[in-house]
1. Between a first residue in the stretch 49-64 that is without any contact (Cβ under 8 Å) to a residue 24 or more places away in the chain and of a type in the set (Ser, Thr, Tyr) and a second residue that is surrounded by 12 or more Cβ atoms within 10 Å (Cβ to Cβ) and part of a strand (DSSP E or B), which pairs have beta carbons less than 7 Å apart while being 6 or more apart in sequence or on different chains?
2. Return yes or no: is Ser73 assigned to a loop (DSSP other than H, G, I, E, B), modelled with pLDDT under 90, loosely packed, with under 13 Cβ neighbours inside 10 Å and not charged (D, E, K, R)?
3. Determine, yes or no, whether Leu13 is part of a loop (DSSP other than H, G, I, E, B) and surrounded by 12 or more Cβ atoms within 10 Å (Cβ to Cβ).
4. For residues that are out of contact with any helix residue (DSSP H, G or I) (no Cβ under 6 Å at 6 or more places or on another chain) and in contact (Cβ under 8 Å) with a residue 24 or more places away in the chain, tally how many sit in the stretch 27-41.
Amino acid sequence: MELILEPREGFQLAIASGQQSLIEATQICRDVCDVADGLGLRKILLDCLTVEGDLSHDDRFELGKTIAEYCQSKFATPSYCPHR
């Protein structure tokens, strides 16, 4: 898979293309999340229209779950406790 990253006003645009696998898709999504976090962007638009290949329903579920958890951990805002 190939990935083009374009920071835009208020969001990160990521354009993926080529042949996919679950491992590659997971890594690319993590990379996109890392870049957006490094730029201080909290919104990501991932364009996968030219990606080739099929993921099973279980693979899609696992990809979504894994990336949601990863992005949530990257973008988590520390709790503020004024009494500490």
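The values are calculated or read from the model by the stated rules, or taken from the named source; none is laboratory data. Because the structure is predicted, anything quoted here is derived from the model rather than measured. Neighbour counts are summed over all protein chains in view; Cβ atoms, including those assigned to glycine, are modelled from backbone coordinates with ideal geometry.
1. Short answer, once both residue conditions are applied: none.
2. no
3. Answer is no for this residue.
4. Number of matching residues: 8.
Residue-by-condition table, conditions (1) touching a strand residue (DSSP E or B) at 6+ places or on another chain (Cβ under 8 Å); (2) among the acidic types (Asp, Glu); (3) part of a strand (DSSP E or B):
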| residue | (1), (2), (3) |
| --- | --- |
| Glu24 | no, yes, no |
| Arg30 | no, no, no |
| Asp34 | no, yes, no |
| Leu45 | yes, no, yes |
| Cys48 | yes, no, yes |
| Asp54 | no, yes, no |
| Phe61 | no, no, no |
| Gly64 | no, no, no |
